[in-house]
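The values are calculated or read from the model by the stated rules, or taken from the named source; none is laboratory data. As the structure is a prediction and not an experimental result, all values here were calculated from the model. Cβ atoms come from the backbone with ideal geometry, glycine included; neighbour counts cover every protein chain shown. Note: accessible area is taken over every heavy atom of the protein model, side chains too, but ligands, DNA and RNA are not part of it. Shrake-Rupley method; radii C 1.70, N 1.55, O 1.52, S 1.80 Å.
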Amino acid sequence: MPNGLIKKFCILFIMHILLFWNVDRIEANITQSLVNYPIPGKIVILASTPIPEGIMPSRKDYEELIDCGFNCGMTNGSLNFFKNQFKLIKGLDFKILIVHGDLLNDRRTYFIDVFKTEPQLAGWRFKDEPYFNNLNTLVPEYQKMCIADPNRLVYINLSGEKISVITGNLPTYFNYLELIEEKFKPQVWSYDFYPIKIIDRKIVVAYDEFYSDLEDFSTISQKTGRPFWAYCESMAYKTSSYARPAATEAYLRWEAFSALAYGAQGIVYWTYGQRKSNSVEDYTSALVNLNGKKSKAWNAAKKVNGEIKKYNDIFYQCKVKEVRHTGDRIYKGTRKLSGAFGPLQMVRSQNAGVVLSQIEKNGKEYIVVVSRDVLKKQKVTLELVPNMNITDLTVANPKKYTGQKVINFTLSAGGYKIFEIGSD
């Protein structure tokens, strides 16, 4: 082979090796990032818009966020704004997930370098509900962000609603999640879907879509070995065709504990601080209104968040063994209870039914029962398998049922029970 050809071949061979070495580095950096959970040891309770628009934050504002049960906030702002925020929260049990336009342009490395050593940095928001036609162009940008900070969460949030401009026209929604996995390998699977509307002055609940999303995200989370986060609606607003109601204990408890029963490791509130209205949506209230005043919903969120924290050690990094549904209607993608379920020989509920989840944590097993009725209370009966016992962990003094075949209780609207499984 002539010397010129040998030289050319060697150059091409070296370039080929470098190319694949660089691809491996990108994959290694992204894979390394998968283990960087923002709040180690805790279910993430994240406040989107932690400070109402137009208010200059103070340390007291963050102390009130913590008092309400939040351990993380996701917010937009300038470089100097974030410098000030990290000073304000120093020493507090709270982290910030940064949203900023420079994260999507060539200034990302500079911006990330300024903050990536901040101990109270939760991570970086890459994109919210990316358009389907933009996915291919976003992949290299996502990879660059993962490489720029391999030690923090790079966060993508997806739409839980099948909208063609966002999710494409794939046969199923799960096919869309598989495509997202192929392109991005999200470090957490996060989605928003708000199931409660007011139409013609009546509350309408999209149970089908709500449970279908939980099934899909729980499945993709288990399949990929990465956690999922679910959103709760906490800002009321109106559009020309419908409205979203203000959050209540029942609404928040149902959304949050249904997600936890399916294995969610993060609950995101949209939003904590009220936003200013736009031409499409008229925002009427949130947990904290535009004037900085706490609303009634703030107290509801504090109560529910307190319950999430109370059972953190059960839900954090738990293994969901199986989920079943009872009730007159079995929603899309869910599985109807048929026969025994763990220590339960039979479950009877009223028409709306319940979600039953069997989870495992540190060698202990639990049954989580969540109402499928966010508007009304319902009676539930559990019949135990012989020689089994369960302990109700959701009463003031945990109550152990031993040698008792039948257990009757009433779930409040959107309510739940958590039982630890034992044997006689």
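Quick notes
- Accessible area in square angstrom per residue, the stretch 292-343, 1.4 angstrom probe: 55
- Karplus 3J(HN,Hα) series, Hz, for the stretch 300-315 with 6.51 cos²θ - 1.76 cosθ + 1.60 (x for Gly, Pro): 5, 5, 4, 5, 5, 4, x, 5, 4, 5, 4, 9, 3, 5, 8, 8
- Other-chain or far-sequence residues with amide H under 5 Å of A246's (modelled H): none
- Taking every C-alpha pair closer than 8 Å and separated by at least 6 residues, the mean separation divided by the residue count of the stretch 241-358 gives a relative contact order of 24 percent.
- Prolate/oblate/rounded call for the stretch 228-301, Cα gyration tensor, a/c under 1.5 rounded: prolate
- Summing +1 for each Lys or Arg and -1 for each Asp or Glu among the other residues whose beta-carbon sits under 12 angstrom from that of T172 gives -1.
- Available extension along the chain between Y242 and L79 is 55.0 nm, counting 0.36 nm per residue and deducting the alpha carbon span.
- One chain, two ends: D102 and K183. Fully extended at 0.36 nm per residue, the span grows by 27.0 nm beyond their Cα-Cα distance.
- For the pair E322 and K202, a Förster radius of 45 Å applied to the C-beta separation gives a FRET efficiency near 0.85, rounded to the nearest 0.05.
- Of the chymotrypsin sites (Phe, Trp or Tyr not before Pro) found in the stretch 205-255, the ones in coil according to DSSP and having at most 16 other Cβ atoms within 10 Å of their Cβ are Y242.
- Principal-axis tilt of helix 79-88 within the chain, Cα atoms, nearest 10 degrees: 50
- Rule-of-thumb Rg ratio for the stretch 288-424 [Cα; 2.2 N^0.38 Å; N residues]: 1.15
- Expressed as a whole percent, the accessible area of the stretch 203-274 that falls on carbon and sulfur atoms is 50 (1.4 Å probe).
- Formal net charge of residues neighbouring G415 (Cβ-Cβ distance under 10 Å; K, R +1; D, E -1): +1
- For the chain, the mean residue ellipticity at 222 nm estimated from helices alone is -10000 deg cm²/dmol, where every DSSP H run of n ≥ 4 contributes -39500 (n - 2.57) and the total is divided by all residues, rounded to the nearest 500.
- With Cα atoms as the point set, the stretch 27-127 shows a radius of gyration and Dmax of 13.6, 42 Å.
- With K and R counted +1 and D and E -1, the other residues having a Cβ less than 12 Å from that of A148 yield a net charge of 0.
- Counting DSSP beta bridges with both ends in the chain, the antiparallel % (nearest 5): 60
- The chain: equivalent-ellipsoid semi-axes (sqrt of 5 x gyration tensor eigenvalues, Cα, Å): 40, 28, 21
- Per residue, the average separation of C-alpha pairs within less than 8 Å and at least 6 apart gives the chain a relative contact order of 14 percent.
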